[in-house]
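Just so you know, all these numbers are worked out from the coordinates, no wet-lab data involved. Computed from a predicted model, the values in this text were never measured in an experiment. Note: ideal-geometry Cβ built from the backbone for every residue, glycine included; neighbour counts use all protein chains shown.
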Amino acid sequence: MMKLPGMVLVIAALAACAQTDIQPLTQSSFKVATVAAPACGPSGARKVANQAAAIEVIKRGGDRFVFIADQSGSHITGMTYNAYGNGFGGFQTYNAADQAMVVQMLKPGQPGFSDALSARQLLGPAWREIVEKGVPNTCTS
C-alpha cells in the first residue's frame, strides 16, 4: 500500500503532464495541438503550445511567425465520487485543457513580418537548449 506522501507525489507528477502533436499543413504552416492535465489548466496548455510553435519554427529554419487560427477547450478525463465533499457529497470531474493553433511562418519581406513574433525571443536567451530538448511534456517547465 502506498503512503500518503508517495500518493501526493504521483498525483502531482501526473497532474502537470502535457502532450503536443505537430501536424504539417504546408511548407510554411503547421498545426500545434496540445492537451494538458487538469492541474495545468488553459494557461498551462497555451504556454506549452506557444513553446511548441516556437520550437517547430526554429526547427524548420525560421524565426518569425503568426498565429492564424486559435482554439481552446476542455474535455472530461475522469470522475470521482466524494461522499463528504462540502458536506453534501457528489461527483467531481477532472478536465484536461486543449489548445490548438495554426502557425504561419513568415520570411523577411513578406507582409506582416515586422509585426510577427520571434521564436527565439519567445523562448528566451536559452532558446538553443530549449530547441535541443524539444517540446516540453509538462506545463511547469
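Simple spin-label model, 7 Å along Cα-to-Cβ: V66 to Y81 in nm?
5.3 nm
Could you give the size of the charge dipole of region 17-133 about its Cα centre, using +1 on the Cβ of each K and R and -1 on the Cβ of each D and E, expressed in debye and rounded to the nearest 20? Mind dumping the intermediate values first?
Values: 10 positive and 8 negative charges, 50 e Å.
Using only the charged Cβ atoms, the result is roughly 240 debye.
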